[in-house]
Structures are given as C-alpha cells and as structure tokens.
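Asks: Handing you a structure now.
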Amino acid sequence: MTDPRLTPDDERFYTTAPITVVYDVFAETANRLTGRYVHLAEHAATEAEHEDWKAKIFDLRDERRAVDPDDKDALIAHIRRWRAETDALESRR
C-alpha cells in the first residue's frame, strides 16, 4: 500500500505505488506536457515554430502509446523525463 503522505514528487512513492497508480501518473504527466506543447504551438511566433511544436505533440503521443503499461520501470523513466521537460518549458516563461 502506498503511504498516503507520499506524492509522485517523492521518489519513495514509486517503490510502493501499485502499477495502476504509476500508470495514472504517467498518463497525467504526458497530458501535462502535451498541454504545454499545445500552448506553445498556439503562441508560436512563426509557422515553422508552430509546426515544430505540433510535431512534438505527435511524437509524444506515439512515444506514450509505445510504452508497455505493465513495465513499471519504463513508466517511471518516462514520468521523470517528461516532468523534467515540462519543468524546463515552464521555467522559460
């Protein structure tokens, strides 16, 4: 059972969280990054920049679909990478 005091921001969360919970965090993390990409595409300064962000949206969709939902380590790796990417994009504001 996951300690209710732990959140996905705490590395210890993943050691006890059931895979269904990890998958939910994975999906939400992908959705958050997708939303960031959509925002950036909508506010792009040029058509080329708009197309670059749109390509990232589709690449992320494909990457998300390719991850085995039963591979907890892969889910966690993607969560970490996507959170870092989201944080980096949000810090550029």
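Asks: Based on the inverse mean of 1/r over its pairs of different Cα atoms, what is the Kirkwood hydrodynamic radius of the chain, in Å?
Replies: 14.2
Asks: Sticking with this structure for a sec: Rolling a 1.4 angstrom probe over the protein heavy atoms, how many square angstrom per residue are accessible across the chain?
Replies: 65
Asks: Per residue of the range 54-65, in order, report the coupling 6.51 cos²θ - 1.76 cosθ + 1.60 (Karplus, θ = phi - 60°) as ³J(HN,Hα) in whole Hz, putting x for Gly and Pro.
Replies: 4, 4, 5, 4, 5, 4, 5, 4, 5, 5, 4, 5
Asks: Turning to a different aspect of this structure: Need the full-extension length gain, LYS72 to GLU11, defined as separation in residues times 0.36 nm minus the C-alpha distance. One decimal, nm.
Replies: Answer, rounded to one decimal: 20.6 nm.
Asks: Could you run the Karplus curve 6.51 cos²θ - 1.76 cosθ + 1.60 with θ = phi - 60° over the range 8-23 and give me ³J(HN,Hα) per residue in whole Hz, x for Gly and Pro?
Replies: Each residue's phi maps through the Karplus curve to give x, 6, 9, 4, 5, 3, 6, 6, 10, 5, x, 4, 5, 5, 4, 5 Hz.
Asks: Can I ask one more? Averaging sequence separations of C-alpha pairs under 8 Å and six or more residues apart, then dividing by the length of the chain, give the relative contact order as a whole percent.
Replies: Relative contact order, the chain: 30 percent.
Asks: Using the basic label-point model (7 angstrom from Cα toward the beta carbon), what is the THR20 to ARG80 distance in nanometres?
Replies: Taking the two extended label points, one gets 2.6 nm.
Asks: Also, quick follow-up: First compute the accessible area of the range 19-91 with a 1.4 Å probe, then give the percent of it belonging to carbon and sulfur atoms.
Replies: Its accessible area is 51 percent carbon and sulfur atoms.
The values are calculated or read from the model by the stated rules, or taken from the named source; none is laboratory data. The model shown is predicted, which means the values in this text are computed figures rather than measured ones. Positions of Cβ are backbone-derived with ideal geometry, glycine not excepted, and every protein chain shown enters the neighbour counts. Accessible surface areas use protein heavy atoms only, side chains included; no ligands, DNA or RNA. Shrake-Rupley method; radii C 1.70, N 1.55, O 1.52, S 1.80 Å.
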